[in-house]
């Protein structure tokens with residue numbers, strides 16, 4: 001499938017995989033750390049780690065010959081997933097934490113809570129602004145071009161639903 005969302009989900013769409021990446025971002029590298037932190041069955045963890053290695057998200061490195069032991073380290077691709085985790089974290093806290101936030105993203109220097117938004121690097125405008133829309137890329141098939149020509153993504157969002165945030169340069 002040519003859809004970038006479908007391609008991403010093909011690699012990380014199973015929820016255990018996303019939680020493994022989250023744990024790797026927290027510093028876990030060894031099988032027993034992942035298992036203890038997640039409470040995941042060993043056979044399931046082995047399959048998910050193998051899939052993340054195959055997808056190029058984790059790198060498997062031997063750290064002991066006798067007995068043979070491996071650690072799993074985030075690749076550049078895996079580290080790039082941090083922004084997705086941050087976005088999911090903010091979205092989960094905003095919409096699915098009626099009891100309040102159990103984990104918060106804060107500024108490391110000030111301790112003040114962060115309010116993550118996804119912005120365009122060039123304009124520094126939130127990508128939720130109506131000035132952005134999804135458009136076909138150079139490799140888009142005709143079917144994709146037709147679909148995106150009639151997409152509602154980018155149609156003006158009601159003012160009350162907008163998050164007006166401009167990120168300073």
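Here, each number is a calculation from the coordinates, and none is a lab measurement. Computed from a predicted structure; not experimentally measured. No Cβ is skipped: glycine too gets one built from the backbone with ideal geometry, and neighbour counts run over all protein chains shown.
When the residues of segment 1-60 are filtered to those that are touching a strand residue (DSSP E or B) at 6+ places or on another chain (Cβ under 6 Å), in contact (Cβ under 8 Å) with a residue 24 or more places away in the chain and outside any helix (DSSP H, G or I), the one that is surrounded by the fewest Cβ atoms within 10 Å (Cβ to Cβ) is 30. Can you work out which of the residues in segment 64-93 that are assigned to a strand (DSSP E or B) and in contact (Cβ under 8 Å) with a residue 24 or more places away in the chain is nearest to residue 117 (Cα to Cα)? That would be 74.
Report yes if residue 79 is closer than 25 Å to residue 9 by Cα and surrounded by 14 or more Cβ atoms within 10 Å (Cβ to Cβ), otherwise no. When the stated conditions are applied, residue 79 passes them.
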